[in-house]
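Before any comments, here is the structure.
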Amino acid sequence: MTPTPTWRTHARDLRATLALVWATDPRQTALIGTLSLVQAFVPAASLWVAKLLLDAVAQAVTGGFAGEAEAFARLAGLLAIQVGIGMLGSLLTTLQTATQDLLGDALQHAISRRILDKAAGLELGRFEDADTYDRLQNAYREVGSRPLGVFTQVVGLGQAVITLGSVSALMAQLGWAVVPLVLLASVPGVWVSSRFGTLDYRRLRRQAADARVQNYLGRLLTSDEAVKEVRLFGFEGYLLERWRAYYLKFRAELVALIRRRSGWGLAASLASTGLIALATLAVLRRAAQGALTVGDFGLFVQGIGALQRQFSTLLQGVTGVQQNLLYMRNLFDFLELPARDLDAGEPWTGPIERIDFEDVGFRYPLTDRDVLRGVTFSVVRGESLALVGENGAGKTTLVKLLTRLYEPTSGRILLNGQDARRFSPRSVQREISGIFQDFGQYQMTVRENVAVGRGGGGEGDAGPLRDAADRAGASAVIDALPGGFEQMLGRAFAGGQQLSGGQWQRLALARLYYRGGSVLVFDEPTAALDANAEFEVIEQLRGQAQGRITVIISHRFSTVRLADRIVVLDGGMITEAGDHDALMALGGTYAAMFSLQARGYLQGYGAV
């Protein structure tokens, strides 16, 4: 169970939330505070004028005025004041509501931007941890009303204190016990609301991981990525059954909570009714003694509601702020995750001429197994290096270290003889371009899919874009699309056109070539291509290797053998290294893997 934050944490979160609201729009924040301050005096003023009006009516009925004209003038004047107060209250409420709506929209944008900025700065390992996604889901759930709720409730507390004090001063003349009894009548309902609000927060927090699973199951049923297999294997029913099982689990917890809340709510309502009855009895006793006017009794009748509303607002404001801060803690939990500053360090300038791995080891965060151990090799400009090994050998992890997506847990990486840690990751990455086996298929235009290679998007130089598409063999694909470079891709948005896996991979290669750089990384660059397309890409790779450092990961040895040097990884360690001929002569792991694949092509796998 997630521990409930302490009061010290609440105080820190309150300061942070109010600072966030103020920073979003100081003018609108100040306007809401000012309007609330003025509104705080409206209820007492309205009650007092209503009392005077009732007393004047009673006086007029009993002939207490000198004449009809005087009585009417007195009544009409008081009515005008009452109407004016009502109109002022309506104007203030309208202005405050409109300002709150505008501030709420600005807050939603500001917080969403903070969440996205934080996500962009998180270490890559965080995206391989389920806890991060739980925190992200909880944070996004609080983007809407919570921050504004904290601010408006804090402002409402101040407003309630002023209103409560002014109304209580008016009602104190009705008897010493009236105000305390009316105030006490509000306590049971507020306690129930506070208690079960906290329990509901804990319920939602507890369900976060399961809710993500349920959402994932729903996406499998509604996403084009999985629909083919879902329909072919016919497991829609299984997915629906699991999705519904989570719903029933959530509902059972909700029903239990609602039953308990309803029972306590009924008891609180009965207790409040009894206390109000006692207060009314005290006022009726004074009325029977002739100690009250008609206006005084009218003040009591209307004041009961006003006092209860303001005292409830005060108590609920305190508990409401606490509850909203519980949810704001979800947001701050995510925003407080440690981030990696990609600009920290000296700026790297110039091409990368040489890369040295010296006894490099690596272990993913939150795990206890070394993925790489004692990895040592060098690659220089103009040389191509291929990484070979079975799945899980550490090839892709090694590339993540080379591209500064991760830092080694032991050993060091040298760039041109200098420790890579000296330089900011972002400046080093500007010299590196790559395609990963799980390359992005962005639901954007063709132009954006290629232009993001240089960190841009909508704007890309037509000449370099076309040149990159030509080198990737993607021009024919692009020219065949109705919108060319402006064609929307994918099925997520209107007018989008889906591509085949090979066509998407060609766009990913175009993105790599558009970025350029002195180091090119190809992680399974031909996995989704047919034989003819693979040949074209390999020929391009040969040309691109000139004057650059080229690193290739592939299970296709037709691609691997073009490398100047081949490194074989097994269990996170280098077991063999050399060119194709040397490794074949060695007769080790590489030779066995190459021969197995070659026999499969020539004789069929039944003969292997």
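Annotations
- Applying the Karplus relation 6.51 cos²θ - 1.76 cosθ + 1.60 with θ = phi - 60° to region 148-158 yields 3J(HN,Hα) values of 5, x, 4, 5, 5, 6, 5, 5, x, 4, x Hz, where x marks Gly and Pro.
- Region 18-96, accessible surface, carbon-and-sulfur percent (1.4 angstrom probe): 73 percent
- Paramagnetic label zone (point 7 Å from Cα along Cα-to-C-beta, Gln418; backbone N under 19 Å) in region 371-402: 379-381, 402
- Candidates Thr34, Gln302, Gln289 compared by Cα position along the dipole of the chain: farthest toward the positive end lies Gln289, with charges placed on Cβ.
- Estimated vicinal HN-Hα couplings, Hz - region 191-206 in sequence order (Karplus 6.51, -1.76, 1.60; Gly, Pro = x): 4, 4, 4, 5, 4, 7, x, 5, 4, 5, 4, 5, 4, 5, 5, 5
- Against the main long axis of the alpha-carbon atoms of the chain, helix 589-603 sits at an angle near 80°.
- Taking all Cα pairs closer than 8 Å and separated by 6 or more residues, the relative contact order of the chain comes to 15 percent.
- Cα gyration tensor shape of region 383-501, rounded if a/c is under 1.5, else prolate or oblate by comparing a/b with b/c: prolate
- Sequence-separation-based contact order of region 40-189, relative, with Cα cut under 8 Å and 6+ spacing, percent: 35 percent
- Spacing of the modelled spin labels on Thr273 and Ala69, each 7 Å from Cα toward Cβ, amounts to 5.3 nm.
- Phi-based couplings in Hz for region 116-128 (Karplus 6.51, -1.76, 1.60; Gly and Pro marked x): 5, 4, 5, 4, 5, x, 5, 5, 4, x, 4, 7, 10
- To the nearest ten degrees, helix 236-288 and the longest principal axis of the Cα atoms of the chain are 20 degrees apart.
- Note on Phe377 and Ala23: the extension gain reaches 122.4 nm, defined as 0.36 nm multiplied by sequence separation minus the Cα-Cα distance.
- The residues of the chain expose, per residue, 50 Å² of accessible area to a 1.4 Å probe.
- Cross-link reach is defined here as a Cα-Cα straight distance under 17 Å, omitting same-chain residues fewer than 8 places apart; for Lys249 the aspartates and glutamates meeting it are Asp200, Asp210, Glu241.
- Cα centroid separation - region 1-59 against region 349-389, whole Å: 60 Å
- Helix-only mean residue ellipticity at 222 nm for the chain, each DSSP H run of n ≥ 4 adding -39500 (n - 2.57), per residue, nearest 500: -21000 deg cm²/dmol
- Assuming charge only on the beta carbon of Lys and Arg (+1) and of Asp and Glu (-1), the dipole of the chain about its Cα centre is about 2140 debye to the nearest 20.
- By the rule of a C-alpha distance below 20 Å, with chain neighbours fewer than 8 residues away ignored, the aspartates and glutamates paired with Lys51 are Glu70, Asp296.
- Rounded to 5, the percent of DSSP beta bridges in the chain classed as antiparallel: 50 percent
- For the chain, alpha-carbon Rg over 2.2 N^0.38 Å: 1.43
- Paramagnetic label zone (point 7 Å from Cα along Cα-to-C-beta, Arg219; backbone N under 20 Å) in region 106-121: 112-113, 115-121
- Long-range HN-HN contacts of Ile553 with modeled amide H, under 5 Å: Leu387, Phe522, Asp523, Glu524
- Most positive-pole-ward Cα, Leu122, Leu103, Thr132, against dipole of region 74-137 from beta carbon charges: Leu103
- Per residue, the convex hull spanned by the alpha carbons of region 83-218 comes to 163 Å³.
- Under 13 Å from the Cα of Lys118 - aspartates and glutamates, other chains or at least 8 residues apart: Asp333, Glu336, Asp341
The values are calculated or read from the model by the stated rules, or taken from the named source; none is laboratory data. In this text the structure is predicted, and so the values were computed from the model without any measurement. All Cβ positions, glycine included, derive from the backbone under ideal geometry; neighbour counts span all protein chains shown. Only protein heavy atoms, including side chains, enter the accessible area calculation; ligands, DNA and RNA are left aside. Shrake-Rupley method; radii C 1.70, N 1.55, O 1.52, S 1.80 Å.
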